[in-house]
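Working notes, beginning with the structure itself.
The values are calculated or read from the model by the stated rules, or taken from the named source; none is laboratory data. Not measured: the values here are computed from a predicted model. For neighbour counting, all protein chains shown are included, and Cβ atoms are generated from backbone atoms with ideal geometry for every residue, glycine included.
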Amino acid sequence: MRIAATLALTLSISALHAGFFSTDEPTPQVKCVYSGTDGHCVEPVLKSENELVITVIGQGVAPSITASPAQAYALAKRSAIVDGYRQIAEKVAGVHVEGQDSIKNLMLTSSSTRTSVEALVRGANITNTTFKEGLCEVEMEIALSYSRFSR
């Protein structure tokens with residue numbers, strides 16, 4: 001429910017009303033293309049006439065002490081999948097950021113930042129998995145359509 005409310009706030013009113021008219025044409029997809037390493041989407045707008053496909057790469061490291069190479073691979077892959085889910089949740093639902101600075105005699109004495117994300121992720125697919133030198137990378141994607149959020 002929070003994801004739907006968050007997306008409704010970010011979408012324009014015209015996009016919300018346009019989604020109630022269904023067509024029989026196949027829904028075109030818009031890939032979420034990243035510009036550089038900053039992680040921002042070039043096409044982040046979800047409209048009623050297309051799907052927004054968000055692609056992320058989750059990373060997981062195998063523990064140094066495991067019973068077998070298979071266990072190391074399984075643990076690294078699970079960690080990478082969880083990281084991928086977190087990245088999808090951050091892009092769809094947003095990140096809550098809390099910061100605190102302490103200043104004494106007009107000088108910064110300490111600074112702390114805490115981030116958190118809370119979301120329900122459904123329909124994410126693993127498209128590719130690689131494992132090299134203890135690092136597992138899992139490419140995941142999720143297709144967001146307007147009809148999913150207008151229910």
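Within the stretch 128-139, identify whether any single residue is within 19 Å of the chain's Cα centre (by Cα) and more than 26 Å from PRO63 (Cα to Cα), and answer yes or no.
no
Just to be sure I understand, how many residues within the stretch 63-76 are over 22 Å from ILE88 (Cα atoms) and touching a Leu at 6+ places or on another chain (Cβ under 8 Å)?
2
If the Cβ limit is 9 Å and pairs must be 6+ apart or interchain, which residue in the stretch 108-120 that is within 20 Å of ARG86 (Cβ to Cβ) pairs with which residue that is in a loop (DSSP other than H, G, I, E, B)?
If the second residue must be in a loop (DSSP other than H, G, I, E, B), the pairs left are THR115/VAL95; SER116/VAL95; VAL117/GLY94; VAL117/VAL95; ALA119/GLY94; LEU120/MET1.
In this structure, is VAL95 under 17 Å from ALA76 (Cα atoms), surrounded by 10 or more Cβ atoms within 10 Å (Cβ to Cβ) and touching a Ser or Thr at 6+ places or on another chain (Cβ under 8 Å)?
no
With the structure loaded, tell me whether ARG114 is at pLDDT 90 or above and of a type in the set (Lys, Arg) or whether it fails that test.
On the way: at pLDDT 90 or above: yes; of a type in the set (Lys, Arg): yes.
Here the answer is yes, as ARG114 does meet what is asked.
Taking the stretch 52-73, which residues are touching a strand residue (DSSP E or B) at 6+ places or on another chain (Cβ under 8 Å) and not in a loop (DSSP other than H, G, I, E, B)?
Result: LEU52, VAL53, ILE54, THR55, VAL56, ILE57, GLY58, GLN59, GLY60, VAL61, TYR73.
Going by the conditions given, is LEU108 among the hydrophobic types (A, V, I, L, M, F, W, C), outside any helix (DSSP H, G or I) and under 19 Å from GLU51 (Cα atoms)?
no
Looking for whichever is modelled with pLDDT of 90 or more and hydrophobic (A, V, I, L, M, F, W, C) here; the options are ALA76, ALA18. Which one fits?
Being modelled with pLDDT of 90 or more and hydrophobic (A, V, I, L, M, F, W, C) holds for just one of ALA76, ALA18, which is ALA76.
Okay, residues lined up against (1) in a strand (DSSP E or B); (2) under 16 Å from VAL56 (Cα atoms); (3) free of Cβ contacts under 8 Å to residues at least 60 places away in the same chain; (4) out of contact with any helix residue (DSSP H, G or I) (no Cβ under 9 Å at 6 or more places or on another chain):
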site: LEU75; (1), (2), (3), (4): no, no, yes, yes
site: ALA80; (1), (2), (3), (4): no, yes, yes, yes
site: GLU90; (1), (2), (3), (4): no, yes, yes, yes
site: VAL97; (1), (2), (3), (4): yes, no, yes, yes
site: ARG122; (1), (2), (3), (4): no, yes, yes, no
